[in-house]
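Student: Got a structure here, written out as C-alpha cells. Questions coming.
Please treat every number below as a calculation from the coordinates, not as lab data. No experiment lies behind these values; they were computed from the predicted model shown. All Cβ positions, even for glycine, are placed from backbone atoms using ideal geometry, and neighbour counts span all protein chains on display.
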Amino acid sequence: MSQGLDTRADDGSHTGPRHVAIIMDGNGRWATQRGRPRLFGHHAGAKRVREIVESCPDVGVEYLTIFAFSTENWKRTQVEVAGLMDLFRRYIAKETRALAELGARVRFIGDRESLDAKLVKLMEKLEKATAGNSKVNLTVALNYGARDEVSRATKLLAEDVARGLLDPANVDEETVSRYLDTRVLPDPDLVIRTSGEARISNFLLWQSAYAEYEFIDTLWPDFSREEFASLCASYGERDRRFGGVKK
C-alpha cells in the first residue's frame, strides 16, 4: 500500500478531508473510446473502486461515499440496467471478504424497495459482515437520488409528527438530518466528479451544502490513487469559512 501524500499541518493536525464523496462518471465513454460496449467500462470502473478504498487510510480519509446508481439511471436501456444489476450482485459477492479483511465498513444508501431481492440480501450480508470494521467507512449510493432521499425523510418525519412523537415547533436542520439515509455519517468535506462534467446530478444535495468540489477530466476507470491523493492534499490549501469571514 502506498504512503500517499501527507495531509497534516505543521502542528500535526489533519488538514485533508475526513469525508470524500465521488460521482464515478465516465465508464461508458471510457469503453466507447476503446470500441467496447458500455458494460465493459462499468466492469473496469468497479475494479477501480477497490484501489481507491485501499488508499483512503494513506491520505487520512475516514469516510468514502461513492455514487454507483442513481434513481434516474433506470432511464437507461434495459440491457445496460440489467447488466449493471448483475455487476452489482457479482461485485458484492466477490468483494465481501476482501472488504472485510481491508477493515472497511460498508453501508448502502438509497431506496432498496425497487431493487432485486437477491441483490438486497447481498447488500445486507455485506453490511453485516463488515459492521465491526472502522479503518475506512465505505458508503455506496445505490438507487439513490437526493430529492428522493429528502422526500422519503420528509414522509417519515411527517408520520412521527402525526403520531405525536415529534413537535413541529422543534423541527430544525439537525432534526431533518436524523431522517436522512446518511444520518450516521458526517457531511462530506470534498466532492469529486470525474469525466469532465460540471454538475452534481442529484447527489447528496443536503449533505454537501458546504462541501468543496473538484470537477476533473479523468474518466473514472483511469482515476488513480495518486490523483486521489493529490486532490485530498489540495483540499487542505482551501480557505473554508462556512459563510463567515477569515479572521
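Student: Taking only Cα atoms and a 10 Å spring cutoff, compute GNM fluctuations for the chain and point out the largest among SER234, SER55, SER195.
Tutor: Fluctuation is largest for SER234.
Student: Ranked by Cβ crowding within 10 angstrom, fewest neighbours first, how are ARG199, ARG50 ordered? Display every interim value, and only then the final one.
Tutor: Values: ARG199 10, ARG50 15.
By the 10 Å Cβ count, ascending: ARG199, ARG50.
Student: How big, on average over all directions, is the shadow cast by the Cα convex hull of segment 15-108, in nm²?
Tutor: Working: hull surface 27.3 nm².
Answer in nm², one decimal: 6.8.
Student: When a footprinting reagent is the concern and you count Cβ atoms within 10 Å, what order do TRP220, TRP74, TRP206, TRP30 take, fewest first? Before the final figure, lay out each step's value.
Tutor: Values: TRP220 26, TRP74 11, TRP206 16, TRP30 23.
Final ranking by Cβ density, sparse to dense: TRP74, TRP206, TRP30, TRP220.
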